[in-house]
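**Q** Shown below is the structure under consideration.
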Amino acid sequence: MANLFLLSMATSQKNLNVYTILMLGLLMIMSLHSTVGEVGVCYGRLGKKLPCPKKVVSLYKKNNIKKMRLYDPHQPTLRALGGADIELMVGIPETDLQHLAQCQCHANAWVAGNISAYPDVKFRCIAVGNEINPSSSPYSSFVFPAMQNIYRAICNAGLGNQITVSTSIKTDVLEKSSPPKDGEFRSNVTGYMKPIVEFLRDTNAPLLVNVYPYFAYMNDMKNISLSFALLQRNSGVVLGGVYYDNLFYAILDAVYAAMERILDPSSLSVSQVSVPTPSVTVSETGHSSRGGGKPESDGEGDGDASTVENARIYNNNLMRIVKKGTPKRPDSLIETYIFAMFDENEKPGPEYEKHFGIFLPNGKRKYRLRFY
């Protein structure tokens, strides 16, 4: 009887352990999904009279914004983030890449000074360069070796399981994006993109992509409806036999297809093969709230797209659609960062480039936008 009792207890304990493991796994999955599905905000600082980093972090917390993208390791902001429940994507400016690419010791020092020195900051990702043009930038040859060195430095610091290393691209690296299933990188950038995509696959890191239906609409107003670019319901179109609710999904699937094609160029039909590819994090997206209403041909114009109301519509729709996946990856929630926290009146370029902010410098919302 005692033996039977002990056997019963052992069996019960085994079942309990299995149950506990299953529940922990489920909780981890639920936590991962809720984390990935959340929308963060980019903190750009190219503006006058913006609040100090401490007030900015308080504004994030007050509005339940749990992710921040920072374009450089700005020390006052890193100090302000200490102990805050905000996950951080921190960038490395292009001017630092040559230094980091040339010597592992420089990458180790960068990680020690900007990551390890802030143990209370919840670093999520390091973005090695932002929108570097593969075919014309003098920094493009340093991106991949800098990524490798920073990754090794992160692993040496014991943070390889916590922080991913990637780079951020513009979608103009695509030669073809419609229909999305035929997405393909430009032939003159494949030598740049292939080792990066392979590295991201091997390190289980996402490709960072700045996705702007706003700019796609402005560049092709004749063929793209504003409602499709604003992610409005009931504005979808069929592209290559696949129904797309919105332009955001279509752009993402074109990037997925391009990555599949570059990893398996021998495939005749990418849609018929299963190629392990990295995920995508949308490292920037948004909609300008002001552009002057001038025609696109003016060089400063945006047609009639840039209004506060259209910016409100876009970003509120964005909050809804990232909670599910694209037609190509329906089960993958979309980690996304809205550009940007504030308008940046010192940013170069056309007028509409300066008005992507969702908050005013005094901390008030430019329009109603709820972060869940």
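**Q** Search the range 139-167 for residues that are among the β-branched types (Val, Ile, Thr) and pair each with any residue that is outside any helix (DSSP H, G or I) and loosely packed, with under 15 Cβ neighbours inside 10 Å when their beta-carbon atoms are under 8 Å apart and the residues are at least 6 apart or on different chains.
**A** Listed pairs, sorted by first residue: Thr164/Asn204.
**Q** I'd like the residue in the range 305-330 that is at pLDDT 95 or above and hydrophobic (A, V, I, L, M, F, W, C) and, out of all such residues, is surrounded by the fewest Cβ atoms within 10 Å (Cβ to Cβ).
**A** Ranking the qualifying residues of the range 305-330, first place goes to Val308.
**Q** If I filter the range 269-294 down to residues being closer than 18 Å to Glu175 by Cβ and in a loop (DSSP other than H, G, I, E, B), which single residue comes out as modelled with the highest pLDDT?
**A** Top of the filtered list is Thr277.
Yes or no, residue by residue, for (1) free of Cβ contacts under 8 Å to residues at least 60 places away in the same chain; (2) among the hydrophobic types (A, V, I, L, M, F, W, C):
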residue: Ile65; (1), (2): no, yes
residue: Asp72; (1), (2): yes, no
residue: Ala84; (1), (2): yes, yes
residue: Gln102; (1), (2): yes, no
residue: His106; (1), (2): yes, no
residue: Ala109; (1), (2): yes, yes
residue: Ser116; (1), (2): yes, no
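**Q** Can you pull out every residue in the range 144-176 that is hydrophobic (A, V, I, L, M, F, W, C) and within 25 Å of Phe215 (Cα to Cα)?
**A** Ile169, Val173, Leu174 - these are the residues of the range 144-176 that are hydrophobic (A, V, I, L, M, F, W, C) and within 25 Å of Phe215 (Cα to Cα).
**Q** Can you find a residue that is in contact with a Gly (Cβ under 6 Å, 6 or more places away or on another chain), of a type outside the set (S, T, N, Q) and at pLDDT 95 or above anywhere in the range 183-194?
**A** No - not one qualifying residue is present in the range 183-194.
**Q** Could you say which residue among Asn204, Asn234, Asn188 is more than 22 Å from the chain's Cα centre (by Cα) and at positive phi?
**A** Checking each option against the conditions leaves just Asn234.
**Q** Can you tell me which residues in the range 192-246 are free of Cβ contacts under 8 Å to residues at least 12 places away in the same chain, of a type in the set (Gly, Ala, Ser) and farther than 19 Å from Glu309 by Cα?
**A** Residue satisfying the conditions is Gly236 alone.
**Q** Test Leu174 against the criterion of being touching a strand residue (DSSP E or B) at 6+ places or on another chain (Cβ under 9 Å), closer than 16 Å to Asn108 by Cα and not hydroxyl-bearing (Ser, Thr, Tyr), and give yes or no.
**A** So Leu174 does not fit the description; no.
**Q** Here's another thing I want to ask about it. Determine if the range 211-234 includes at least one residue that is within 20 Å of Leu174 (Cβ to Cβ), touching a strand residue (DSSP E or B) at 6+ places or on another chain (Cβ under 7 Å) and not aromatic (Phe, Trp, Tyr).
**A** yes
The values are calculated or read from the model by the stated rules, or taken from the named source; none is laboratory data. Just so it is clear, the structure is predicted and the values come from calculations on it, not from any experiment. Methodologically, a virtual Cβ is constructed for each residue, glycine included, from the backbone with ideal geometry; neighbour enumeration extends over all protein chains shown.
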